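Report on the following structure.
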Amino acid sequence: MGDIAHIGGEKDMLSTLQGLVGDEVILAVSSLGLVRDGFHSQISLRGFLEQHSKSSEAFRIMLDGDSYAYFKAADVYIVNPLARSCPTIHASIDTAPMQEWPGFEEVAGAVEEGIKALEKRKAEEGGDS
């Protein structure tokens, strides 16, 4: 089992995660940082840690085709080997702004056209009454 990796230690984090490959771990993502108890936005996934390739900083926990997590060493801010019954990897995974999503421009354009069509139909229906 790897040592505790500290916040900001990306290279140390990579070696810490590599030391956990093949082990059962918990990946925790919480809107309150390290807090995993309570009814706030959070996801915890328990499974076996895999590394994409020996030289990669990409890792995953795969339970099945619908339950999985992919993350990079840079997403992890601490690994706690003492939490619960197996090490807990605490990560921060943010959603990019919508404008950066692949295909956003096309989807936004289609939605805008749909709204205009609805407004036009409502105006036409309202003009007949």
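Every number here is computed from the coordinates shown, using simple stated rules; none is lab data. The shown structure was predicted, so the numbers you read here are calculated from the model rather than taken from an experiment. We place every Cβ from the backbone using ideal geometry, glycine too, and count neighbours over all the protein chains shown.
Here are some notes:
- Of note, Ala74 satisfies the criterion of being part of a helix (DSSP H, G or I) and in contact (Cβ under 8 Å) with a residue 60 or more places away in the chain.
- Test: residue in the range 50-58 that is more than 18 Å from Leu20 (Cβ to Cβ) and exposed (fewer than 13 other Cβ atoms within 10 Å of the Cβ): no
- Within the range 83-109, the set of residues being within 20 Å of the chain's Cα centre (by Cα), part of a loop (DSSP other than H, G, I, E, B) and exposed (fewer than 13 other Cβ atoms within 10 Å of the Cβ) comprises Asp94, Thr95, Ala96, Pro97, Trp101, Pro102, Gly103.
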